[in-house]
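Below is one structure, written out as structure tokens; comments come after it.
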Amino acid sequence: MENKNFILASGSPQRLSLLNSIGYTPKEIHAANIDEHPLADEKPLPYIRRIAREKAQSVAALYPKENILSADTIIVTGQHIIQKSHNEEEQIKVMEALSGHTHRVITSVCLISSDGRISQKTVTTKIVMKHLTKQEIAEYVASKEWKGVAGYRIEGRLAGFVKRIVGSYSSVIGLPLYETKNMLNGAGIY
């Protein structure tokens, strides 16, 4: 697979794998290092858009005149952003909050093209989760699949708990492929 003319501002192996699946390999990967804490009273949509843009901008500052692609994904219940769990007790609470409810997964993608133009797309997907038993929650938490991500990875054991997805499956994994491909094509990256 030939390298394309962009730098991926994300260290996510899922995002790289998704890009590779549609024939796009970045010429370089440089994970952005920014403060990802929400601002006081910041709602999920403005938050995710800001984080994706700041990731792209921080890497663009290091690589002027390059195409920079970034993305960030959050899980939201109501207006509450689910953060990464630090231990099993926190993850049990996350699973209890998701159990039997519909939640949203929001991914924002930002592309800063080599001429400085910024384009951004944000995709919201609804996930309908079955009611989870205490045993199902305990087994999922014991699997450790949730380590290092906010909420869960859908491409694992959790997939067996999802009743319905309304929106983009690839966006839930971490990158809405249709929108991303169109953004890259719009910047002359094919």
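Relative to one another, the C-alpha centroids of segment 46-65 and segment 99-123 are positioned 12 Å apart. In percent, rounded to a whole number, the relative contact order of the chain is 22, using alpha-carbon pairs under 8 Å and six or more apart.
Shape class of segment 28-91 from the Cα gyration tensor (axes a ≥ b ≥ c, square roots of the eigenvalues): prolate, since a/c reaches 1.5 or more and a/b is larger than b/c. Spin-label pair residue 155-residue 41: with each label point 7 Å from Cα along the Cα-Cβ axis, the two points sit 3.9 nm from one another. Here the peptides 104-110, 40-46 are ranked by packing, the mean other Cβ count within 10 Å, and the order with the highest first is 104-110, 40-46. Using 0.36 nm per residue and subtracting the Cα-Cα separation, the extra length available between residue 61 and residue 77 on full extension is 2.4 nm. On a 0 to 90 degree scale, rounded to 10, what angle separates helix 44-62 from the longest Cα axis of the chain? Roughly 40 degrees between the two axes.
Pairs spanning more than 22 Å between alpha-carbon atoms, out of 4/121; 4/126; 27/126; 27/181; 126/163: 4/126; 27/126.
Using equal-weight Cα scatterers in the Debye expression, the normalised intensity of segment 3-186 in log10 at q = 0.12, 0.13 Å⁻¹ is -0.57, -0.66. Between helix 88-98 and the chain there is an angle of about 90 degrees, using the helix long axis and the longest principal axis of the Cα atoms. Summing charges over neighbours of residue 140, with a neighbour being any other residue whose Cβ is under 15 Å away from its Cβ, gives -1 when K and R count +1 and D and E count -1. With R₀ fixed at 41 Å, the C-beta to C-beta distance from residue 20 to residue 138 puts the FRET efficiency at about 0.75.
No value in this document is a laboratory result; all are computed from the given coordinates. Just so it is clear, the structure is predicted and the values come from calculations on it, not from any experiment. Because the Cβ atoms are built from the backbone with ideal geometry, glycine has one as well, and the counts that use them run over all protein chains shown.
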